[in-house]
Amino acid sequence: MVFLFLKKKVLSFENVVNDVILGLENWCVAFNEFFLIFIQYIKYIFVFIILSVGILTLLRLRGIYLQPRLKNVEKDQDTLNKLRLILGTLYISLAFGILFNYGTYFLIWVLDPLPDRLIFNFIEFSGINPLYLNGIKDISIAQLPHEKTLYYCFSLGSLTSFLDIVLSLWYLINNNRIITNPRRTMIFLFSGVGGCILFGFTPFLPFFL
């Protein structure tokens, strides 16, 4: 009787563990489907943000340019900032490039050589077999749902960090007044750079294609 009771208890525990693992894998499958739809919405939202930033930069630059003209200030004394002109044009070009995909390929080509994805170094320090990380590092060889889920989560971290860099640089360059909270802006900028070094500058970009 005691043996049968222990056997049932062991079998019951194994069933619970198997059910939990199966439930997590099913959840990962659902999350993966959600992510592929979600990232398509994010693409157009990202394009809208970058395009709006570029247009606002050029509109603000136009106001800065016209004000000295109305005061009859000499051309060499104008406050026209060439850096803002370049920034606004660059953001608008980037927005249309991502929308029509050629800008995405360009960003992948430019950013791919940068040293990044150092988060895997920290994971390897924990003693996990590096072979188990192959499916997380490369989505094309991922076989299990949880491998794709982890890759998608790292891609979201990459996207968030990249957006932090873009908006922080725009705020620092485009603001012609005293920055109200420079420390907060620099924190966002540094966290964006650190996040891209950890999660990568490009993992999210292929999902925009």
* Pull up the stretch 87-114, narrow it to residues that are outside any helix (DSSP H, G or I) and more than 16 Å from the chain's Cα centre (by Cα), then point me to the one that is modelled with the lowest pLDDT. => 113
* To do: Name, by its number, the condition in (1) outside any loop (DSSP other than H, G, I, E, B); (2) modelled with pLDDT under 90 that does not hold for residue 80.
  => (1)
* In this structure, does residue 37 turn out to be at pLDDT 85 or above and either more than 19 Å from residue 154 (Cβ to Cβ) or exposed (fewer than 12 other Cβ atoms within 10 Å of the Cβ) (or both)? -> yes
* To do: Quick one: residue 54 ticks every box in (1) within 23 Å of residue 92 (Cβ to Cβ); (2) at pLDDT 90 or above; (3) in contact with a helix residue (DSSP H, G or I) (Cβ under 6 Å, 6 or more places away or on another chain) except a single one, so which number is it?
  => (2)
* Asked: Out of all the residues in the stretch 156-177, is one or more more than 23 Å from residue 87 (Cα to Cα) and either modelled with pLDDT of 85 or more or outside any helix (DSSP H, G or I) (or both)?
  -> yes
* Asked: Do we have residue 153 as in contact with an Asp or Glu (Cβ under 9 Å, 6 or more places away or on another chain) and at pLDDT 90 or above here?
  -> no
* **Pair list, Cβ under 6 Å, 6 or more apart: the stretch 21-46 residue in contact (Cβ under 8 Å) with a residue 24 or more places away in the chain and more than 30 Å from residue 96 (Cβ to Cβ), other residue surrounded by 13 or more Cβ atoms within 10 Å (Cβ to Cβ) and not aliphatic (A, V, I, L, M)** => 25/145; 28/145; 28/146; 28/149; 29/145; 31/149
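The values are calculated or read from the model by the stated rules, or taken from the named source; none is laboratory data. Here the structure is a predicted model, which is why all the values come from computation and not from measurement. All Cβ positions, even for glycine, are placed from backbone atoms using ideal geometry, and neighbour counts span all protein chains on display.
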